[in-house]
Amino acid sequence: MLHKHLTLNQSFLQIVDKLIGSDNITSNHDIMMISGEVMVRTQIQLSEKQAKLVKSISAEQGISVSEVIRRAIDSIEKFSMDYDAGKKKLALEVVGKFSSGKGDISEKHDEYLSRAFQG
């Protein structure tokens, strides 16, 4: 994996700020390019169990601990996006499939909902 440290200047910091949305980046941060991506060095604390697991996965897959953590974050992001898309799809699938027999649901939905919750 190619690690290329960049000399920071104000315009580069502005670009990085837009890319990752952080207003706390200063020239003291260790920012580098890895495989064409802007990376910001970050320190995290893990429990002993988490650290052992990450190191085990790292050794098993032949990748760095950092790469294990990056992939885990990417998986969480993808799962979240897939989950949200799935919820939206399920909601859209029921549109128009049920009938209340009332012609004013769109106008009085709050009133009907309130009555339903009151029993």
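Any idea which of Arg115, Arg70 is out of contact with any Leu (no Cβ under 6 Å at 6 or more places or on another chain), at pLDDT 85 or above, closer than 22 Å to Met39 by Cα and among the charged types (D, E, K, R)?
Arg70
Please indicate, with yes or no, whether at least one residue in the stretch 59-66 is touching a residue at least 40 places away in the same chain (Cβ under 8 Å) and surrounded by 10 or more Cβ atoms within 10 Å (Cβ to Cβ).
Yes, the stretch 59-66 contains at least one residue that is touching a residue at least 40 places away in the same chain (Cβ under 8 Å) and surrounded by 10 or more Cβ atoms within 10 Å (Cβ to Cβ).
Taking the conditions exactly as written (among the β-branched types (Val, Ile, Thr), surrounded by 10 or more Cβ atoms within 10 Å (Cβ to Cβ), in a loop (DSSP other than H, G, I, E, B) and at pLDDT below 80), does Ile25 satisfy them or not?
Answer is yes for this residue.
Do you know which residues across the stretch 68-87 are of a type in the set (Val, Ile, Thr) and more than 9 Å from the chain's Cα centre (by Cα)?
Of everything in the stretch 68-87, those that are of a type in the set (Val, Ile, Thr) and more than 9 Å from the chain's Cα centre (by Cα) turn out to be Val68, Ile69.
The values are calculated or read from the model by the stated rules, or taken from the named source; none is laboratory data. A quick note: this is a predicted structure, and the numbers were derived from the prediction, not measured. Every residue, glycine as well, gets a Cβ built from its backbone with ideal geometry; the counts of neighbours run over all protein chains shown.
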